[in-house]
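This report concerns only the one structure given below.
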Amino acid sequence: MSCGAPLSLEALLAYRQGELDDAAAGEVEEHYFACAACAAALAWLEGLGAAVAGLVGVGAVSAAVTGALVERAAAQGLRVRTYRLAPGGRVACTAAPEDDLVALRLAVDAPEGEGVDLVAEVVDAASGARFTRRTDDVVVDRVAGEAVLVHAGAQIRAFPRTRWELELRTRGPAPRALGAYTLEHTPWEELPGTA
């Protein structure tokens, strides 16, 4: 199967997420209903999305996703604890025993056409030990103005008391900061009234 004018993966993803206006969605539908190659690409994309959602749900992977994926997970019965932060924001956070997922929704104004990376400096409260985690090419919903990071609840529950200093920055030879966010994580069992 081949297509003389294939739809881009970005167009297919935007269509699948319901992010296109009616006219653009109609154009995509008209094309892929008549094109076996683009219909197969959309099916592959849907299968990939389902596989990633399944891996995140069982704690096998953390991911940068769209807000729509988090909302679908909640609609399908997963228990999602959500933290929203503006640049410069700080939040006390945890994961309860029943939380399947923990979602961080970081407000960001990311320029079109520039990749965005996430750098996290993590500090263990007891020992002072620090480590850095980096995630390249974070998905940014420029319409919603946010980057959404999802972690399995079990993964978050395993962390000791820690401070996470997150920074979203542009990608490239001269990266610049787009926003800094601070998470003060306390294990659930250490919170007053939860033991």
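Compute the acute angle (0 to 90°) between the alpha-carbon long axis of helix 36-57 and the principal axis of greatest extent of the alpha-carbon atoms of the chain; round to the nearest 10°.
10
What Cys residues in the chain are without a partner cysteine, judged by a Cβ distance under 4.7 Å?
CYS3, CYS93
Can you grab the distance from the C-alpha centre of region 114-154 to the C-alpha centre of region 82-107, Å, no decimals?
11
Work out Dmax and Rg for the chain from the C-alpha atoms and quote the Rg first, both in angstrom.
Rg and Dmax of the chain, Cα atoms, are 18.9, 63 Å.
Could you size up the charge dipole of region 9-48 around its Cα centre, putting +1 on the beta carbon of Lys and Arg and -1 on that of Asp and Glu, and report it in debye to the nearest 20?
Numbers: 1 positive and 8 negative charges, 46 e Å.
For region 9-48, the charge dipole is close to 220 debye.
In square nanometres, what is one fourth of the surface area of the convex hull spanned by the alpha carbons of region 9-48?
Dividing the Cα hull surface by four gives the mean projection, 2.5 nm².
Please give the charge dipole size of region 64-141, origin at the Cα centre, charges +1 on K and R Cβ atoms and -1 on D and E Cβ atoms. Round to the nearest 20 debye.
Once rounded to the nearest 20, the dipole reads 360 debye.
Give me the mean projected area, in nm² to one decimal, of the convex hull enclosing the Cα positions of region 79-190. It would help to have the intermediate numbers written out before the result.
Details: hull surface 28.5 nm².
The Cα convex hull of region 79-190, projected and averaged over all directions, gives 7.1 nm².
May I ask you to list the residues of region 82-123 whose amide nitrogen lies under 18 Å from a point 7 Å from Cα along the Cα→beta-carbon direction of ALA154?
Backbone N within reach: 95-103.
From the residues TYR15, SER2, GLN155, which one has its Cα farthest along the dipole of the chain in the positive direction, the dipole being from +1 and -1 charges on Cβ of Lys/Arg and Asp/Glu about the Cα centre?
Result: GLN155.
For the chain, calculate the relative contact order in percent as a whole number, restricting contacts to Cα pairs under 8 Å that are 6 or more residues apart. It would help to have the intermediate numbers written out before the result.
Values: 356 pairs, mean separation 41.9, N = 195.
Rounded, it is 22 percent for the chain.
Modelling each spin label as a point 7 Å along the Cα-to-Cβ direction, I'd like the ALA174/ALA92 distance in nm, to one decimal.
Taking the simple label geometry, ALA174 and ALA92 are separated by 4.3 nm.
Can you sort ASP136, ASP21 from fewest to most other Cβ atoms within 10 Å of each residue's own Cβ?
So the residues, fewest neighbours to most, are ASP21, ASP136.
Just rank TYR83, TYR32, fewest to most, by other beta-carbon atoms within 10 angstrom.
TYR83, TYR32
With charges set only on the Cβ (+1 for Lys and Arg, -1 for Asp and Glu), what does the dipole of region 79-190 come to about its Cα centre, in debye to the nearest 20?
Here the size comes out at about 160 debye.
Every number here is computed from the coordinates shown, using simple stated rules; none is lab data. This one's a predicted model, so the numbers in the text were calculated from it and none came from an experiment. Note that each Cβ is placed from the backbone with ideal geometry, even for glycine, and that neighbours are counted across all protein chains shown.
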